[in-house]
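Asker: Here it is: the structure, laid out below.
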Amino acid sequence: MRRRDEDEFTEFAAVTMPRLRRTAYLMCGDWHRAEDAAQDALVSVYRRWNRIERGDGLLGYAHRCVVNAVLTQARRPWRRERLDNITDESTAPLPDAAAAVDDRLLVVRALAALPPSQRACVVLRHYADLSLEQTAEVLGVGIGGVKSQTSRGLARLRELLDQTVRSTP
């Protein structure tokens, strides 16, 4: 790789890494796995750096790589751990400032309960703020698939979060 390309990639990686890591975290619920997935995604981007269209194509490809990395990790036999049941008593909200942290944990646990395709659609559409077209391109599915998976995922999230709210004292 030429020095100029190396510098461009280094800048892209520095700017994009936190966003990719947060996207991966929302998909897998584990910061260590998210870090690994984001790094794997950047390795994939680096390998194809000279062939990737700059601009929106670059960020879209990076998101595709991070989604694929998370899904690949989940398929590995030693990665099939499950988070505790979302209605567990340990998820009761904490008072004061800790309540915001607890709310985030509830959402992350609820996201972990979604099937991978629904989780990917919800995270890419509502966290990464990608359009329907961009999400469809990242996931390699049609726009209708993104709409239906997002709709089902949001409905399931509402159910899970509603159950959690009703089960807290």
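Asker: Give me the accessible area per residue for region 1-46, probe 1.4 Å, as a whole number in Å².
Answerer: Accessible area per residue: 54 Å².
Asker: Further question on the same structure: Over what distance in Å are the Cα centres of region 138-152 and region 1-50 separated?
Answerer: 24
The values are calculated or read from the model by the stated rules, or taken from the named source; none is laboratory data. What you see is a predicted model, and the numbers here were worked out from it, not measured in a lab. For accessibility, only protein heavy atoms count, side chains too; no ligands or nucleic acids. Shrake-Rupley method; radii C 1.70, N 1.55, O 1.52, S 1.80 Å.
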